[in-house]
Amino acid sequence: MKREKLQNINWDKLTFSITPARSMYIAHCELNGKWEEGKLIPYGDISLSPAAGVLNYGQGIFEGMKAYRSAKDRIVLFRPEKNAIRASTSAERVCIPKVPKEMFIDAIVKVVKDNIDYVPPRGKGSLYIRPVIWGTGPVLGVAPAPSYTFLIYVSPVGPYFKSGVKCLNLRITNQFHRAAPKGTGGHKVIGNYAASLFPQKLAKKTGFDEAIYLNASNEKFIEEVGSANLFAIKDKVLMTPSLDGSILPGVTRDSALMIARELLHMEVREKSIPIKDFLKADEVFCSGTAVVVTPVGKITTHNQSTKINNNKMGPITQKIREILLGIQREERDDPFDWIYPLT
Ligand SMILES: *Cc1c(COP(=O)(O)O)cnc(C)c1O
């Protein structure tokens, strides 16, 4: 592997923000055409038509994944084929030509390998990978863009919590919905995230870490956080909202369910979770690539606050977190073949 020597970056100071890397991957496609072979170009600004579909009508999707150094002293990805498949289904929902799974993974491998010296040392964080697929050709009327760009950029990022895991303090919102039934909530479509900025800002301004969204049709059931899935544990049963179209199918969500079912031999239920049951849970946690598995310690609805497990990480949450991190870091066996080594 070339470029063994690490970049001169202050690895201890990394946060979840952009640190420019060496290169990015780019490929193009015409509407109804095939993706041409992509290439690496220097990381930097790109030029777009002001009439680009992505800029005018939000015709774009994204993914989020990471590469990091494991205990076996190699650089690995975690379940990249899940991201490849999700990128495809997200793309289809907004009329973007699908990127074949092999091309998607091959592109990730190419860009990570070319930026290998930007992968932080073990324990200092990871190389965050951001694939995007955009309608970049010009359109005036509301219609699919005539051409598309698949781009992957990377950035070294620090660990999500600098000083150990902390319990999240969340607020259930009755003021906003994240996803409509039969809308785009089940896909990583960029427009969903613009709509979550204001609710997130309001939650933060009033002292909460994030907002919890309810189902849009009657606001009786919990759905998820702006960028993480939610779980509740009651009497040793693990529950999470089922994938009925308004829940984002998280890779971490799927991994937590498999760990609970197959390794902890727990009963696992994907079902609608009424607010009142949620507030009576023994443990609550959220899951996502960035937060991994993070406990929720306090939930506020209207003006009523409920502490979960006395605002501490519960034993089952801790177990699932430990096993997931253990597999990801290659500190324990990988019984599901989730690790995808690059070096
Ligand atoms: C990306 C995302 C998640 C988490 O998915 P992972 O694949 O686990 O990172 C959860 N909810 C929303 C809305 C998301 O966009």
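The values are calculated or read from the model by the stated rules, or taken from the named source; none is laboratory data. Computed from a prediction, not measured in an experiment: that's the story for all the values here. We place every Cβ from the backbone using ideal geometry, glycine too, and count neighbours over all the protein chains shown. The accessibility values were calculated without ligands, DNA or RNA, using every heavy atom of the protein model including side chains. Shrake-Rupley method; radii C 1.70, N 1.55, O 1.52, S 1.80 Å.
Results, tabulated for the structure shown:
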{"read-out": "Residue in region 186-203 that is within 13 Å of the ligand (Cβ to nearest atom), within 23 Å of L324 (Cβ to Cβ) and of a type in the set (G, A, S) present", "value": "yes"}
{"read-out": "Residues of region 302-343 satisfying the condition of being in contact with a strand residue (DSSP E or B) (Cβ under 7 Å, 6 or more places away or on another chain) and assigned to a strand (DSSP E or B)", "value": "S305, T306, K307, I339, Y340, P341"}
{"read-out": "From the options V225, V296, residue that is near the ligand (Cβ under 9 Å from one of its atoms), touching a residue at least 60 places away in the same chain (Cβ under 8 Å) and out of contact with any Gly (no Cβ under 6 Å at 6 or more places or on another chain)", "value": "V225"}
{"read-out": "The listed residue being away from the ligand (no atom under 14 Å from the Cβ) and either assigned by TED's automatic domain parsing to the domain that holds A71 or more than 23 Å from the chain's Cα centre (by Cα) (or both), out of K319, K307", "value": "K307"}
{"read-out": "Restricting region 45-100 to residues that are in a strand (DSSP E or B) and among the small types (G, A, S), the residue that is farthest from the ligand (Cβ to nearest atom)", "value": "A52"}
{"read-out": "Members of region 228-282 that are part of a loop (DSSP other than H, G, I, E, B), within 16 Å of the ligand (Cβ to nearest atom) and buried (at least 18 other Cβ atoms within 10 Å of the Cβ)", "value": "P241, S246, I247, L248, G250, I273"}
{"read-out": "Some residue of region 194-210 being open to solvent by less than 50 Å² (accessible area, probe 1.4 Å), in a loop (DSSP other than H, G, I, E, B), closer than 21 Å to F285 by Cα and among the charged types (D, E, K, R)", "value": "yes"}
{"read-out": "Tally of residues being of a type in the set (A, V, I, L, M, F, W, C) and not in a strand (DSSP E or B) across region 283-301", "value": "2"}
{"read-out": "Conditions (1) within 21 Å of the chain's Cα centre (by Cα); (2) crowded, with 20+ Cβ neighbours inside 10 Å; number of the one not met by F161", "value": "(2)"}
{"read-out": "Number of the exception - T289 against (1) open to solvent by less than 10 Å² (accessible area, probe 1.4 Å); (2) within 9 Å of the ligand (Cβ to nearest atom)", "value": "(1)"}
{"read-out": "Lone unmet requirement of (1) more than 9 Å from the ligand (Cβ to nearest atom); (2) crowded, with 16+ Cβ neighbours inside 10 Å for N218", "value": "(2)"}
{"read-out": "Residue within region 176-190 that is of a type in the set (F, W, Y), assigned by TED's automatic domain parsing to the domain that holds K307 and open to solvent by 40 Å² or more (accessible area, probe 1.4 Å) present", "value": "yes"}
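Table: residues versus (1) under 23 Å from I46 (Cα atoms); (2) out of contact with any Lys or Arg (no Cβ under 8 Å at 6 or more places or on another chain).
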site: D117; (1), (2): no, no
site: R122; (1), (2): no, no
site: S126; (1), (2): no, no
site: I129; (1), (2): yes, no
site: A145; (1), (2): yes, yes
site: T149; (1), (2): yes, yes
site: V157; (1), (2): yes, no
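This table checks each residue for (1) touching an Asp or Glu at 6+ places or on another chain (Cβ under 7 Å); (2) aliphatic (A, V, I, L, M); (3) buried (at least 23 other Cβ atoms within 10 Å of the Cβ).
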{"residue": "E63", "(1), (2), (3)": "no, no, no"}
{"residue": "S70", "(1), (2), (3)": "yes, no, no"}
{"residue": "D73", "(1), (2), (3)": "no, no, no"}
{"residue": "R79", "(1), (2), (3)": "no, no, no"}
{"residue": "A87", "(1), (2), (3)": "yes, yes, yes"}
{"residue": "E92", "(1), (2), (3)": "no, no, no"}
{"residue": "C95", "(1), (2), (3)": "no, no, no"}
{"residue": "K101", "(1), (2), (3)": "yes, no, no"}
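Table: residues versus (1) within 17 Å of L127 (Cα to Cα); (2) not assigned by TED's automatic domain parsing to the domain that holds V111.
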residue: L6; (1), (2): yes, yes
residue: P20; (1), (2): yes, no
residue: I26; (1), (2): no, no
residue: G33; (1), (2): no, no
residue: E37; (1), (2): no, no
residue: Y43; (1), (2): yes, no
residue: I46; (1), (2): no, no
residue: G53; (1), (2): no, no
